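Contents: one structure, followed by commentary.
The values are calculated or read from the model by the stated rules, or taken from the named source; none is laboratory data. All figures in this text were calculated on a predicted structure; none of them were measured in a lab. FYI the Cβ positions are ideal-geometry reconstructions off the backbone, even for glycines, and counts take in every protein chain you see.
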Amino acid sequence: MVFDTSVGESPPLWTDRHGAGLALAAVRADLHPPALLLALPRGGVAVAAAMADQLGLPLATWSVRKVADPANPELAIGAVAPGGVVVWRDGAAGRDLGDQARRQGWLAAQQRELARRQVRFGDPSPERLRHRLLVVVDDGVATGMTLRAALLSLRRLEPASLQLAVPVADRQALAGLAPLLDRITVLAAVPELVAVGQWYERFEQLSDAQVLDLLAPRR
């Protein structure tokens, strides 16, 4: 395991996701094709697009979806990723919520949305990723639940190396993800990360159309 980190100052550290991507590119200047940047839609695409432009790397998406109680959509109780991967929040309460998510149809709804995004964004087939150096990119890691689901699904594809590049992440969440990764690059590893958006001056939500615009030059 290689762990690249530089604990940052107080937030915000970047104007927007593009600026954060350029900062990550400066740290990972060692990356060259055929290494592939795999962005988690939607926010991760803007970070990865800046890295791809700076480093001349190919870029693709790997869709993953948070499962939440509709009454509290900001609280993740689980996540789904390609290949039938489902993870739930730790503890008995998480398992109970997982059972409820199945009964209430919340899980099925996110599995349908996952399938829609895979088609919409053109996620690569497993065959294209096998035995390849993959760098997963997101705009930040708070709980790490959706990222864990993505990494578990990618590990099944037997990549040559599975790496992570993120601007900011919660230290404890990173520690939990480390066994799934060969290298972690994070610009700011912070204790008790409350909200990823605090580390950006601008952190608007991206639409499908904006994601497709970022991907278009690379299709």
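As for region 178-196, it holds no residue that is under 19 Å from Leu13 (Cα atoms), more than 16 Å from the chain's Cα centre (by Cα) and hydroxyl-bearing (Ser, Thr, Tyr). Between Gly98, Gly78, Gly83, the distinction of being among the small types (Gly, Ala, Ser), more than 24 Å from Asp16 (Cα to Cα) and in a loop (DSSP other than H, G, I, E, B) belongs to Gly83 only.
Give me the residue from region 10-34 that is closer than 21 Å to Leu212 by Cα and among the hydrophobic types (A, V, I, L, M, F, W, C) and, out of that set, surrounded by the most Cβ atoms within 10 Å (Cβ to Cβ). Here the residue is Ala20. Taken over region 165-219, the residue count meeting the criterion of being part of a helix (DSSP H, G or I), surrounded by fewer than 17 Cβ atoms within 10 Å (Cβ to Cβ) and touching a Ser or Thr at 6+ places or on another chain (Cβ under 7 Å) is 0.
The single condition among (1) in a strand (DSSP E or B); (2) at pLDDT below 95 that Pro70 does not satisfy is (1). So, in region 103-113, exactly how many residues are at pLDDT below 85, loosely packed, with under 14 Cβ neighbours inside 10 Å and either in a helix (DSSP H, G or I) or among the basic types (Lys, Arg) (or both)? Counting residues in region 103-113 that are at pLDDT below 85, loosely packed, with under 14 Cβ neighbours inside 10 Å and either in a helix (DSSP H, G or I) or among the basic types (Lys, Arg) (or both) gives 2.
The residues of region 129-145 that are modelled with pLDDT of 95 or more and part of a helix (DSSP H, G or I) amount to a single one, Leu129.
Exactly one residue out of Arg132, Arg116 is closer than 23 Å to Arg218 by Cα, under 19 Å from the mean Cα position of the chain (by Cα) and exposed (fewer than 15 other Cβ atoms within 10 Å of the Cβ): that is Arg116. Against the list (1) on the phi > 0 side of the Ramachandran plot; (2) out of contact with any Pro (no Cβ under 8 Å at 6 or more places or on another chain), the condition His131 fails is (2).
Among residues of region 35-63 being touching a strand residue (DSSP E or B) at 6+ places or on another chain (Cβ under 6 Å) and part of a loop (DSSP other than H, G, I, E, B), the one that is surrounded by the fewest Cβ atoms within 10 Å (Cβ to Cβ) is Pro58.
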